[in-house]
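Reading through the structure tokens given below for one structure.
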Amino acid sequence: MASIKVRGTISRVFYDGKGLEVVEAYETKSGETINKRFTVWLKQPGLFDVGDVVSVEGLYSAEIDNWTNKDGEAKQSIKVSINNPQVTPTDPVATIKSIFEPTHSEPMPF
């Protein structure tokens, strides 16, 4: 199986943290922004949030997805997944800080 490495922003966290959607954006020569979406499947829930910028390396898989748009037109797209991933935050210090941020604004009892 082929391997893949991407760097992008987490746009969605699902399946109780075991699934991530990572969007890798780039600009074409004509100035158009293209977004590539990847589904990342984790074995254990991760401590990732929407907006985190990560680097992902893992096994590449793809499948054809048939669907119907809101106008009733049949469409096809390719779903790209990354399995057995190694997910690394691109800013580990910010990630560590976010883990230790207070979750409430009440004063401490001591």
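Worth a mention:
- Residue within the range 79-89 that is polar (S, T, N, Q) and on the phi > 0 side of the Ramachandran plot present: yes
- Residue within the range 5-24 that is closer than 17 Å to I78 by Cβ and surrounded by fewer than 16 Cβ atoms within 10 Å (Cβ to Cβ) present: yes
- Counting the residues of the range 25-67 that are outside any strand (DSSP E or B) and surrounded by 11 or more Cβ atoms within 10 Å (Cβ to Cβ) gives 8.
- If the condition is being in a strand (DSSP E or B) and more than 9 Å from the chain's Cα centre (by Cα), then the range 8-23 contributes only F14.
Values in this text are rule-based calculations from the coordinates and carry no lab data. Given the structure is predicted, the values throughout are model-derived calculations rather than measurements. Please note: Cβ atoms are built from the backbone with ideal geometry, for glycine as well, and neighbour counts cover all protein chains shown.
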